[in-house]
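Below is one structure; the comments refer to it alone.
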Amino acid sequence: VVPASGGKHGGRQGLPPGGAGALAIRLASGLTSRFPATERWRLTSQLRRAAVSVYTNIAEGCGRTTSGEFHSSLSVSTGSAFESMRLLRLSEELGYGEQPSYGNFDRGHQIRKMLHGLMQAIRNKPRR
């Protein structure tokens, strides 16, 4: 299916599959909702922006016309996923949230593995 945006990498109507980006947003939103109000404009905001960046860069890549451009957008998404994970680690070090909630680091690794798999698939795709 060719997305309405004109790109050739997306799902329905140019939107990326939920996958990694949606998982990052759900993870960040759930955890930051328990952060103290004093962190609203600092750590909470930065973590949520980084998570949204994972999703939006995948979406942007889906709208691109070449595999190289798509790969580049996935690379930026991967950087945002690493940023999110570092911010989660920092929030843990600062004592925000309950310890069990940070078992979600496995999900962060899952997000990065999903992005890496997409990048590998693009890199190994035969050229026409």
* Asked: Quick one: length gained pulling residue 121 to residue 67 fully straight, 0.36 nm per residue minus the C-alpha distance?
  -> 18.4 nm
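Express the carbon and sulfur contribution to the solvent-accessible surface of segment 16-68 as a percent, rounded to the nearest whole number, probe 1.4 angstrom.
Numbers: 1470 of 2590 Å².
Accessible surface attributable to carbon and sulfur in segment 16-68 totals 57 percent.
The values are calculated or read from the model by the stated rules, or taken from the named source; none is laboratory data. Everything quoted here is computed from the prediction, not taken from an experiment. Calculation scope for accessible area: heavy atoms of the full protein, side chains included, ligands and nucleic acids excluded. Shrake-Rupley method; radii C 1.70, N 1.55, O 1.52, S 1.80 Å.
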